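Rule-based calculations on the coordinates, nothing more; no lab input. Predicted, not measured: the structure shown is a model, and the values here were computed from it. Cβ atoms come from the backbone with ideal geometry, glycine included; neighbour counts cover every protein chain shown.
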Amino acid sequence: MSSIETRNPGMPLNLDWVLGSHVNRSAVERRATTIPTRRTVKKDWQAAWILRAITCIDLTTLAGDDTPGRIRRICAKAKQPVRTDILERLGFSQEGVTVGAVCVYPSRVKDAVEALKGSNIPVASVAAGFPAGQTPLSQRIAEIEQAIEFGAQEIDIVITRSHVLTGDWQSLYNEIQQFRKTCGEAAHMKTILATGDLGTLKQVYQASLIAMMAGSDFIKTSTGKEEINATLEFGLVMTRAIREYFEVSGYKVGFKPAGGISKAKQALAWQALMKEELGDEWLMPDLFRIGASSLLTDLERQLYHFITGHYAANYHMPMG
C-alpha cells in the first residue's frame with residue numbers, strides 16, 4: 001500500500017457521535033438495489049474499470065492446506081495477474097499491472113515476502129485472532145507483532161464482536177487503538193468488522209465510526225468466514241461512515257469489501273458504489289481494496305472476451 005498523503009491518526013472517542021447515529025434500513029436497501037443496475041459500464045470503459053479492479057485486489061489465500069508452493073504460485077499470479085498477450089492487445093503491456101497486495105496467514109508471510117521480492121507488492125497478513133477474534137488480547141497483539149517481524153506491511157485485524165453487540169464502545173475503541181499502536185509506522189491496519197455478525201446496520205455504522213476514531217487506515221466488511229459477508233447494503237453504510245468521518249476529521253480512510261466477491265459484475269458494482277459515494281480517489285488501491293481469491297480469474301476472462309468476442313475456459317487463466 002503506497003502511503004496516503006496523511007495517514008488517519010484517529011481521534012478521541014466521541015460517544016455522542018456514535019450514540020446519535022441513525023440508519024434507515026429500507027432506504028439503504030432501496031439505494032443498494034440501484035447500484036448494479038443504474039450505473040453500467042460498457043466496452044472500452046468496462047475493460048478500463050476491470051483493469052483498475054485488478055490493481056485493487058488483495059489476492060488472498062487463507063486455507064488450512066496453504067503450503068509454501070501455493071504461496072509461490074499465488075504470488076506469481078499477483079505479479080502477472082493478466083496474460084501478457086491480453087495486455088498487449090489492450091495496449092497495456094508496458095504498464096506493469098499488478099494486484100494491490102497478497103493476503104495470507106502470519107505463518108505464510110515469510111514465504112510471500114520471499115516470493116514477491118523486488119515487485120513492490122506488499123504482503124498483508126490477517127491477525128489478532130482471525131477469524132473469530134476470540135483469543136486473549138495479549139496473544140492477538142503478539143500475532144500482529146510476529147506478522148510485522150516476518151515482513152507484513154499491512155495487517156488485517158478482527159474485532160471482538162461482543163463489544164459491538166453489547167454496546168461496549170469504549171472497550172472496542174481501546175482494543176482497536178492498541179492494535180493500531182502495535183502496527184505503528186511499520187504496517188497499515190485494516191479493521192475487519194465482520195458485518196454479518198453485528199446484528200443491525202446501525203451497529204455496522206457505529207462500529208465503522210469507532211474503528212476510524214481508533215486510527216484504522218481501512219475498514220473492511222468481513223473475514224470471508226461469516227455466514228453473510230460483503231453486501232452492498234453493508235458497503236453503503238460503511239462508505240457513508242467514511243464520508244462523514246472525512247467531513248469531520250479531514251482524514252481519508254480506505255474501504256475493503258471481502259467475502260463472496262467472485263464475479264466481474266460484482267467488482268464493477270463495488271467500484272460504482274465507491275465512485276458515487278466517495279469519489280474517484282476511492283477507486284485507487286491507496287483507498288480501495290477487494291479481498292478475493294477467485295475474482296481475478298473472472299476479471300481476466302472478461303478481458304479476454306473483450307478482445308476476442310468469446311470466453312476462454314477457466315484453465316486458460318489458471319491461478320496456478
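Points to keep in mind about this one:
- With both residues required to sit in the chain, DSSP beta bridges show an antiparallel share near 0%.
- Helix-only mean residue ellipticity at 222 nm for the chain, each DSSP H run of n ≥ 4 adding -39500 (n - 2.57), per residue, nearest 500: -14500 deg cm²/dmol
- For the chain: relative contact order, % (alpha-carbon pairs under 8 angstrom, 6 or more apart): 22
- Beyond 22 Å in Cα-Cα separation lie the following of the pairs K117/K256; K225/K263; K181/K202; K117/K220; K79/K220: K117/K256; K181/K202; K117/K220; K79/K220.
- Cα gyration tensor, the stretch 14-99 - rounded (a/c under 1.5), prolate or oblate: oblate
- With Cα atoms, 0 to 90° folded angle of helix 201-213 axis to the chain main axis: 90
- Listed options for Cα extents along the principal axes in Å are (i) 66, 41, 35; (ii) 61, 45, 34; (iii) 56, 44, 36. The value calculated from this structure is the one marked (iii).
- In the chain, the longest principal axis of the Cα atoms and the axis of helix 295-308 are about 30 degrees apart.
- Alpha-carbon centroids, the stretch 115-143 and the stretch 70-91: separation in whole Å: 25
- Debye, to nearest 20: dipole size of the stretch 15-316, +1 on Lys, Arg Cβ, -1 on Asp, Glu Cβ: 800
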